[in-house]
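Take a look at the structure set out below.
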Amino acid sequence: MKTDAWIVHICSNQSWQQACIAGQYSAPSLETEGFIHCSRPDQILKVANHYYPARNDLVLLWIDPEILAAELRWEPVEADIFPHIYGPVNLEAVQSTTEFLPDSAGVFRNLPRLDP
């Protein structure tokens with residue numbers, strides 16, 4: 001699958017490490033809202049700068065929806081549509097992880113590149 005068809009989730013490196021030990025990833029929003037927030041790659045910078053300004057402990061989980069075991073729904077949020085995962089993420093659906101750091105001003109300006 002092409003990487004532009006993947007969805008992306010932002011989480012702390014610590015949360016990802018805990019998921020690797022647990023065998024699946026589950027964000028706090030799954031408990032509080034019933035789903036895990038994700039984005040298309042073109043939405044990530046806006047989301048990161050709105051919700052995670054200046055955080056330097058983040059990673060991006062690049063998720064292949066075709067391997068995802070939980071239900072994926074594309075739902076409207078304000079003037080856009082975002083992917084939401086209704087269940088924990090099975091680790092084999094996470095095709096790659098990339099460190100996600102802001103610049104010296106605390107702003108996320110660049111999406112990390114994935115190796116082919």
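Structure summary
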read-out	value
Every pair of residues 6+ apart whose Cβ atoms lie under 9 Å, when the first sits in the stretch 15-37 and is on the phi > 0 side of the Ramachandran plot while the second is part of a helix (DSSP H, G or I)	23/91
Residue 102 in a loop (DSSP other than H, G, I, E, B), crowded, with 18+ Cβ neighbours inside 10 Å and touching a residue at least 12 places away in the same chain (Cβ under 8 Å)	yes
Subset of the stretch 70-98 (residues that are among the hydrophobic types (A, V, I, L, M, F, W, C) and either surrounded by fewer than 13 Cβ atoms within 10 Å (Cβ to Cβ) or assigned to a strand (DSSP E or B) (or both))	72, 74, 77, 79, 81, 82, 85, 89, 94
Filter result (closer than 14 Å to residue 100 by Cα and either part of a loop (DSSP other than H, G, I, E, B) or of a type in the set (A, V, I, L, M) (or both)) within the stretch 29-55	44, 45, 47, 48, 52, 53, 54, 55
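A short reminder: the numbers here are calculations on the coordinates, not readings from a lab. Nothing here was measured: the structure is a model prediction, and the numbers come from that model. Glycine also receives a Cβ, built like all others from the backbone with ideal geometry; neighbour counts cover every protein chain displayed.
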